[in-house]
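Notes for the one structure printed next.
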Amino acid sequence: MQEINWKKIEAAKKAALEVLIHNSHGPYHGLPRTAAWGYPEPYTRDLMFSILGIAVSDNQKLINSIRRVLETLAVNQTEHGHIVSLVHDKNDRGASDTTPLFLVGVGIFRKMTGEKDFLHDAAEKALLWMEYQSPSDRYLVAQQPTSDWRDEQWVTGYGLFVNTLVYCYLRLLNKHERAEKLKHEMGRFTISDGKTHHNAHEGLVVKYKPYYAFWSYKIHSSERFDLLGNSLAILSGIASQSRAEDMISWIEHECDEMKTRHELGVNLPPNFFPFIKPEDPDWHIRYSIYNKPGDYHNGGIWPFICGFYIAALIAAKKYALAGDKLMELTDSIKLSNNSDVEYGFNEWHKAQDGKPMGQDWQTWSAALYLYAVKCVEEKSTPFFDVIRSEQVD
């Protein structure tokens with residue numbers, strides 16, 4: 001366990017705030033940009049994630065910018081309640097995570113500002129839209145492949161990540177009865193015997209493993225590990241304390257094993273593992289271009305997701321480990337593709353060697369760094385503490 005270097009962290013926090021302020025005004029109607037140079041567009045999912053870092057920054061300029069994002073999304077909401085993928089473009093539709101992320105964002109913004117009815121009508125429409133996303137007309141919501149943040153990876157049916165978002169917004173918006181029913185459905189086992197059961201519905205619990213399945217639908221599922229979805233499961237309290245502790249031990253052990261196989265070259269966990277390889281049945285030809293093993297969605301290291309993992313460690317009371325990972329992340333965010341910047345806050349890094357591979361000065365990388373620091377500083381998880389405290393025993 002290494003000692004936390006707060007001087008180093010304070011310098012990185014200052015840099016993160018600089019990135020967010022720089023990105024708060026872009027070329028599309030003055031809305032924030034997703035990355036300083038590579039992504040000038042206001043991508044909904046990135047900006048919704050950034051709310052966590054903005055909320056703990058107490059920077060009024062950033063709070064005003066995210067208010068404008070939420071209000072613009074409400075104006076561009078579709079007739080039936082869906083939230084678009086680009087904040088300014090009414091016709092960019094089809095994402096499975098933008099609507100639940102909008103609802104999470106509204107819930108956080110209400111708690112941050114005390115405006116209990118902020119965007120009430122838009123939120124109600126979005127809630128109804130999400131109810132219609134359940135093919136079984138129950139509580140788990142389904143999605144099409146490549147429709148969530150993993151636009152180069154297949155998630156079929158009931159994805160863990162999207163359903164953890166649904167659980168979070170239900171808690172934040174005081175829809176506790178529906179949240180409990182969703183949690184119950186997620187807590188069922190995936191179906192592993194290849195038979196359809198008329199009286200048993202599939203869930204997302206994997207037998208003999210401490211984490212939740214990547215996705216599940218009828219008799220099909222993927223037992224590969226999704227770091228973002230499982231971190232959110234810990235943060236939100238979907239995972240019990242004992243499951244969270246077992247899951248973290250499993251993650252750290254698997255990362256050590258990947259290092260011995262030279263699949264992992266840094267002390268931060270990949271977003272997804274085991275990596276999908278060309279000989280695997282879930283490999284797609286397009287992965288050979290965009291999604292090679294250890295790259296991008298197929299096991300790349302994403303700083304914003306590491307921020308969520310650090311927060312999950314705090315939620316599980318793994319304070320020393322969280323401090324270690326924060327120092328590792330602090331070193332990682334300095335790496336860049338641009339020699340003119342001291343801090344890269346890059347989009348993603350290659351698992352095998354930690355090399356930055358995406359765009360520098362990425363909004364969600366900077367925002368979730370700020371959030372992770374706040375969690376370690378206070379040994380709490382702002383907004384998620386409330387969600388976990390509202391669990392029904």
From the list GLU342, GLU347, pick out the single residue that is part of a loop (DSSP other than H, G, I, E, B) and within 18 Å of the chain's Cα centre (by Cα).
GLU347
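Quick grid of which residues meet (1) at pLDDT 95 or above; (2) part of a helix (DSSP H, G or I); (3) of a type in the set (D, E, K, R); (4) within 20 Å of the chain's Cα centre (by Cα):
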| residue | (1), (2), (3), (4) |
| --- | --- |
| GLU3 | no, no, yes, no |
| ALA11 | yes, yes, no, no |
| ARG33 | yes, no, yes, yes |
| LEU73 | yes, yes, no, yes |
| GLY81 | yes, no, no, no |
| HIS88 | yes, no, no, no |
| ARG93 | yes, no, yes, yes |
| THR99 | yes, yes, no, yes |
Number of the exception - TYR319 against (1) more than 17 Å from the chain's Cα centre (by Cα); (2) aromatic (Phe, Trp, Tyr); (3) surrounded by 16 or more Cβ atoms within 10 Å (Cβ to Cβ):
(3)
What pairs come out if I take residues in segment 243-258 that are among the aromatic types (Phe, Trp, Tyr) and pair them with residues that are modelled with pLDDT of 95 or more whose C-beta lies under 6 Å away, six or more apart or interchain?
TRP250/PRO210
With part of a helix (DSSP H, G or I), more than 19 Å from ILE305 (Cα to Cα) and aliphatic (A, V, I, L, M) as the only criterion, which of LEU127, LEU140 stands out?
LEU127
In segment 173-191, which residue that is of a type in the set (A, V, I, L, M, F, W, C) and modelled with pLDDT of 95 or more is farthest from LEU103 (Cα to Cα)?
MET186
Tally up the residues in segment 205-224 that are of a type in the set (A, V, I, L, M), surrounded by 19 or more Cβ atoms within 10 Å (Cβ to Cβ) and touching a residue at least 24 places away in the same chain (Cβ under 8 Å), please.
1
Could you list, ordered by first residue, the pairs with Cβ atoms under 8 Å in which the first is in segment 376-389 and over 15 Å from ILE108 (Cα atoms) and the second is assigned to a helix (DSSP H, G or I) and of a type outside the set (A, V, I, L, M), at least 6 apart or interchain?
VAL376/TYR319; VAL376/GLY323; LYS379/TYR319
Exactly one of ASP117, ASP148 is surrounded by fewer than 19 Cβ atoms within 10 Å (Cβ to Cβ) and either within 19 Å of the chain's Cα centre (by Cα) or among the charged types (D, E, K, R) (or both), and that one is ASP117
Does SER222 meet the test of being farther than 11 Å from TYR211 by Cα, among the small types (Gly, Ala, Ser) and in contact with a strand residue (DSSP E or B) (Cβ under 7 Å, 6 or more places away or on another chain)?
yes
Considering only segment 134-149, state which residues are touching a helix residue (DSSP H, G or I) at 6+ places or on another chain (Cβ under 8 Å) and under 19 Å from VAL84 (Cα atoms).
VAL141, GLN143, ASP148, TRP149
Checking the structure you have, find out if any residue of segment 38-46 is of a type outside the set (Asp, Glu), touching a residue at least 40 places away in the same chain (Cβ under 8 Å), touching a helix residue (DSSP H, G or I) at 6+ places or on another chain (Cβ under 6 Å) and under 24 Å from ILE387 (Cα atoms).
yes
Count of residues meeting criterion [over 25 Å from TRP6 (Cβ atoms), without any contact (Cβ under 8 Å) to a residue 60 or more places away in the chain and not hydrophobic (A, V, I, L, M, F, W, C)] in segment 272-331:
12
Residue set ILE305, ILE310, ILE248; condition in contact with a Leu (Cβ under 7 Å, 6 or more places away or on another chain), among the β-branched types (Val, Ile, Thr) and within 18 Å of PRO356 (Cα to Cα); output residue ILE305
Filtered residues of segment 319-354 (kept if in contact with a Pro (Cβ under 9 Å, 6 or more places away or on another chain) and small (Gly, Ala, Ser))
SER332, SER336, GLY344, ALA351
Kindly indicate which of VAL106, VAL87, VAL162 is without any contact (Cβ under 8 Å) to a residue 60 or more places away in the chain, of a type outside the set (S, T, N, Q) and under 26 Å from ILE305 (Cα atoms).
VAL87
Say whether the condition of being among the hydrophobic types (A, V, I, L, M, F, W, C) and in contact with a Ser or Thr (Cβ under 8 Å, 6 or more places away or on another chain) is met by at least one residue in segment 332-343.
yes
For GLN359, state whether it is over 17 Å from ALA244 (Cβ atoms) and not in a helix (DSSP H, G or I).
yes
What single numbered condition from (1) in contact with a Phe, Trp or Tyr (Cβ under 7 Å, 6 or more places away or on another chain); (2) crowded, with 24+ Cβ neighbours inside 10 Å; (3) among the hydrophobic types (A, V, I, L, M, F, W, C) fails to hold for LEU20?
(1)
Residue list for segment 318-336, restricted to those being in contact with a Gly (Cβ under 7 Å, 6 or more places away or on another chain) and not in a helix (DSSP H, G or I)
ILE333, LYS334, LEU335, SER336
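The values are calculated or read from the model by the stated rules, or taken from the named source; none is laboratory data. Keep in mind the model is a prediction, meaning the values are calculated, not measured. No Cβ is skipped: glycine too gets one built from the backbone with ideal geometry, and neighbour counts run over all protein chains shown.
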